[in-house]
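The values are calculated or read from the model by the stated rules, or taken from the named source; none is laboratory data. Note that the structure is a prediction, hence the values are computed from the model and not measured. Please note: Cβ atoms are built from the backbone with ideal geometry, for glycine as well, and neighbour counts cover all protein chains shown. Please note that ligands, DNA and RNA were not included when accessible areas were found on the heavy atoms of the full protein model with its side chains. Shrake-Rupley method; radii C 1.70, N 1.55, O 1.52, S 1.80 Å.
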Amino acid sequence: MTIQEIFDDISKRVVTIKISEATLNVYKSFIKESENLIIQPVSHFIQIARNNNPELQGLVVESLIIDETRLFDIVIGTDNVDINTIWIKDILKVGVQLVPVISRTKENSQEIIKTEYFSQLNILYSTNIGFIYRTNVDRIGELFQLANLLTKMK
């Protein structure tokens, strides 16, 4: 896929989560500036997920774009944009794991405990600092492929 096709895919998902006009303008500004970055994607990952930031609510579009030398982490929420770039050579550790998430609810005065499993890609690039992409278990193969690619590239 070309970088333009990836940005088109992100843009379709951004419309789905109904971002604010200000957020859209920031994202469009990044796309315009990205022409100067000369991004040549080797692989990518895109999904709509819940916002992990406790101060913000709603959905986000999470994107990981890997080119030959850099990794781009782009998270676009309804009212926020977070864009990070690191050199692949700076990655310390890459791994995939299965993560259980336990939720508790009360129904008719009985506590119901439910466990869901998610697959997670961890990219550590500094001590205790990194990127995490958590998705449904069905996409674990895709995360393994990304982890394998990054491991070979670094």
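Miscellaneous remarks
- Taking the inverse of the mean reciprocal distance over all distinct Cα pairs, the Kirkwood hydrodynamic radius of the chain comes to 16.8 Å.
- In the chain the longest region clear of GluC sites (Glu not before Pro) that are loop-assigned by DSSP and have at most 10 other C-beta atoms within 10 Å covers 69-154.
- Using 0.36 nm per residue and subtracting the Cα-Cα separation, the extra length available between Ile31 and Phe144 on full extension is 37.9 nm.
- Karplus-derived HN-Hα couplings along the stretch 142-153 (A = 6.51, B = -1.76, C = 1.60, θ = phi - 60°), whole Hz, x at Gly and Pro: 4, 5, 4, 4, 5, 4, 5, 4, 5, 5, 5, 6
- Remark on Gly58: its backbone amide H falls under 5 Å from those of Asn51, a criterion applied only to residues 5 or more positions apart or on other chains, H modelled at 1.01 Å from N.
- Here's how it looks for Lys93: its modeled amide H is under 5 Å from those of Leu124, which are all 5 or more places away or on a different chain.
- Heavy-atom accessible surface of the stretch 1-130: percent carbon and sulfur, 1.4 Å: 49
- Radius of gyration over Kirkwood radius for the stretch 1-89, both on Cα atoms: the Rg/Rh ratio is 0.95.
- Here's how it looks for Asn80: its modeled amide H is under 5 Å from none belonging to a residue 5 or more places away or on a different chain.
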